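Undergrad: A single structure is presented below for examination.
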Amino acid sequence: MEKQEIRTFGRRHGKKLSARKERLIETVLPKIAPNADEKNSILEIGFGAGEHMRDLAIVNSDKIIVGAEPFVNGVAALLSAICDENETITPEYKNLRIWPDDVRLLFDKAKFQFDTIWVLHPDPWPKARHEKRRLLNAKFLTLLGQNLAPDGRIIIGTDHWEYYDWILEQVKRTKLKVCNSTHDTIKTRYQQKNMAHTTEVKYIILGVE
Ligand SMILES: C[S@@+](CC[C@H](N)C(=O)[O-])C[C@H]1O[C@@H](n2cnc3c(N)ncnc32)[C@H](O)[C@@H]1O
């Protein structure tokens, strides 16, 4: 990630964390860092509180699920949900890995070959003067393509239709192609809140040409 790369996320910290969550960040988080040597893996970018990550972990128990999220309270919420009262990760979530930062820094560290990359409800930055903060620009989409397995798929879901159209325009400036395929998903926290006041979530599924 180039030093001058613009920030694509809002807050990094929310309300003060509970003592349990603080401990989980200190003790559990360092043990589940992503490692590019672990093959058969799925990435979720901007997992929020991690509802969809947990679903992915259970449905894909034979795969590694990597999540990137710079919002500390989101990371803490996911850790709290996957750990028992002894502050140990429960067996069904042993395949989860967390990168608690900007995903572009993860790609600086190593080259990955993800089977699937999920981006659900990326921040739409609706004001024209904030457009440069949109994560899914042509440069970033190209980077995703470089970290995808040969038959891999990028799945993007948004209820912000203007951002949806904008992403499709960006795709034209990459070597990615739009694929006609289906997928399953669950309602994430963002979608449940229906913050953009529309109901239909539109999906874009991309593969490498
Ligand atoms: C609108 S929220 C959606 C959260 C979740 N996917 C959902 O649907 O509930 C967008 C999330 O993307 C994260 N995000 C933004 N830029 C990011 C980046 N460069 N790397 C990783 N996550 C990012 C934000 O911190 C935020 O949690």
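Undergrad: Check the straight Cα-Cα distances from residue 16 and name the lysines below 28 Å, setting aside those fewer than 8 residues away within the same chain.
TA: 31, 94, 187, 193
Undergrad: With the cut-off at 1.5 for a/c, could you classify segment 4-109 from its C-alpha gyration tensor as rounded, prolate or oblate?
TA: Oblate shape, in that a/c is at least 1.5 and b/c is the bigger or equal ratio.
Undergrad: If you don't mind, there's one more thing I want to ask. Using the alpha-carbon atoms, what tilt in degrees (0 to 90, nearest 10) does helix 161-171 show relative to the longest principal axis of the chain?
TA: Roughly 70 degrees between the two axes.
Undergrad: Roughly how many nanometres apart are two label points built 7 Å out from the Cα toward the Cβ at residue 20 and residue 111?
TA: A separation of 4.3 nm, rounded to one decimal place.
Undergrad: Mean shadow of segment 19-208, computed from the convex hull of its alpha carbons, in nm²?
TA: That works out to 10.9 nm², a quarter of the Cα hull's surface.
Undergrad: If you don't mind, another one. Mean separation of Cα pairs under 8 Å and 6+ residues apart, divided by the residue count of the chain: what relative contact order is that in percent?
TA: Relative contact order here is 22 percent.
Undergrad: Sticking with the crude label model, points 7 Å out along Cα→Cβ, report the distance from residue 55 to residue 149 in nm, one decimal please.
TA: Each label point is offset 7 Å from its Cα along the Cβ direction, giving 2.1 nm.
Undergrad: Considering only DSSP beta bridges with both partners in segment 19-208, what is the antiparallel share in %, to the nearest 5?
TA: About 30 percent, rounded to the nearest 5.
Undergrad: Please get the size of the charge dipole for the chain, origin at its Cα centre, with Cβ charges of +1 on Lys and Arg and -1 on Asp and Glu, quoted in debye to the nearest 20.
TA: 740 debye
Undergrad: Tell me, in nm to one decimal, what length is gained between residue 165 and residue 138 on full extension, where the rule is 0.36 nm per residue of separation less the Cα-Cα distance?
TA: Length gained between residue 165 and residue 138: 8.4 nm.
Undergrad: To continue, here is another question. Which value in nm describes the separation of the simple spin-label points at residue 203 and residue 130, placed 7 Å from the Cα toward the beta carbon?
TA: Inter-label distance under the simple model: 2.7 nm.
Values quoted throughout were computed directly from the atomic coordinates according to the rules given, and no laboratory measurement underlies them. Worth saying up front: this structure is predicted, and the values here are computed from it rather than measured. Using ideal geometry, Cβ is built from the backbone for each residue, glycine included, and neighbour counts are taken over all protein chains shown.
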